[in-house]
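Notes follow once the structure below has been shown.
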Amino acid sequence: MSSVVFGCRECGKGVEVTPGEQAQCPVCLTHNDLPASDGTLNACLACSCDEIYRHRDFNQKLGLALIGIGAIAWFVWTTFWPLAIAAVLDVVLYFTLPDVGICYRCKAHHRGFSAITSLPGFDLERHEHYKHVRAREEGQLPPRPEKGASDADTKTDQDNASGADGTEKTNDT
Ligand SMILES: [Zn+2]
Ligand SMILES: [Zn+2]
């Protein structure tokens with residue numbers, strides 16, 4: 001069964017919704033719904049951005065916790081084995097876990113879709129691009145100036161500069 005975890009449209013907290021259904025946000029109780037899906041992933045179901053990458057659905061915190069427990073056991077029982085077992089368990093988990101499709105734009109996690117295997121891997125350039133898109137949307141960055149407007153500004157500056165030059169020349173002569 002497929003599901004998507006994405007930020008609640010009201011408060012931004014993570015909500016897990018089955019495509020074609022709706023689920024209530026556990027924090028603000030807003031109903032978040034998703035369009036139905038046939039298993040393809042041409043666009044993010046949460047924000048309809050068409051760039052999604054494939055990532056191993058590995059919980060890094062769980063991985064680190066396993067290693068941490070192994071390290072503590074190493075100190076307590078002064079034997080290396082717990083740490084070695086934890087490390088092996090981490091590797092086994094990593095390679096047996098399914099992939100997840102993550103939207104570059106809204107970070108929605110798509111799980112259980114047959115199309116995930118054909119998604120491209122992570123691309124840092126796309127990630128950076130969408131980081132800026134999100135920052136602009138959230139008002140952390142000023143909107144990009146219109147191309148025409150910035151051209152006009154430059155032109156005015158140049159006009160002023162040449163005008164100043166002209167005055168100087170007149171003064172010299
Ligand atoms: Zn909410
Ligand atoms: Zn999205």
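Mind counting the residues in segment 1-29 that are in contact (Cβ under 8 Å) with a residue 60 or more places away in the chain and within 16 Å of ligand 2 (Cβ to nearest atom)?
6
Would you confirm, using the coordinates I've provided, whether LEU41 is of a type outside the set (Ser, Thr, Tyr), within 15 Å of VAL100 (Cα to Cα), touching a residue at least 24 places away in the same chain (Cβ under 8 Å) and within 15 Å of ligand 2 (Cβ to nearest atom)?
So LEU41 fits the description; yes.
Could you please let me know if SER114 is assigned by TED's automatic domain parsing to the domain that holds HIS129, in contact with a Ser or Thr (Cβ under 7 Å, 6 or more places away or on another chain) and not acidic (Asp, Glu)?
When the stated conditions are applied, SER114 does not pass them.
The values are calculated or read from the model by the stated rules, or taken from the named source; none is laboratory data. No experiment lies behind these values; they were computed from the predicted model shown. Cβ: placed from backbone, ideal geometry, glycine included. Neighbour counts: every protein chain shown.
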